[in-house]
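Notes follow once the structure below has been shown.
The values are calculated or read from the model by the stated rules, or taken from the named source; none is laboratory data. Values in this document were obtained by computation on a predicted structure and should not be read as measured data. Positions of Cβ are backbone-derived with ideal geometry, glycine not excepted, and every protein chain shown enters the neighbour counts.
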Amino acid sequence: MLYEPTNNSRKLIYSALILYWILLLTATSIPSSSMPDIKISDKLEHFGAYAGLTVLLSAALLVQQKSRYLKKSAFMLSILFASLYGLLDELHQTLIPGRNCSLEDWIADFTGAVTGTLIIYILFRYERKKIKKGN
């Protein structure tokens, strides 16, 4: 049997996901002239933001207890939800002064989402094997 998270660890994952998503929405709603000048690629920022989002989203779907379907499909749904959110966020940015909608940004969002989900998938498989071995 796989490790079953406690209610406190579930709450921690859910809270982290909610706070992260609010932070992501807030950051993308700030006009570009008000944003600090970070010396990394815009695409790398998108990639990292969506990798982080799907790490938390995948973890939340894996620990939830309401739906077997959500748990069983956690990895694919995380990619789908994050990618759709990335698309909506790109469209939303057309309303923000100094921001624009960019296919390249959405591709970076999608790539980050896939990578974040792969990270959780690898960790999940590793933990599963460890538990099966009895370690």
Residue hits (the range 90-133; β-branched (Val, Ile, Thr) and within 14 Å of Ser32 (Cα to Cα)) are Thr94, Ile96
Reported set for the range 89-130 where residues are at pLDDT 90 or above, of a type in the set (Asp, Glu) and surrounded by fewer than 16 Cβ atoms within 10 Å (Cβ to Cβ) is Glu104
Search the range 58-78 for residues that are farther than 15 Å from Leu118 by Cα and surrounded by 14 or more Cβ atoms within 10 Å (Cβ to Cβ) and pair each with any residue that is at pLDDT below 95 and hydroxyl-bearing (Ser, Thr, Tyr) when their beta-carbon atoms are under 8 Å apart and the residues are at least 6 apart or on different chains. Val63/Ser9
Report the residue count in the range 14-39 for those that are under 20 Å from the mean Cα position of the chain (by Cα) and loosely packed, with under 10 Cβ neighbours inside 10 Å. 1
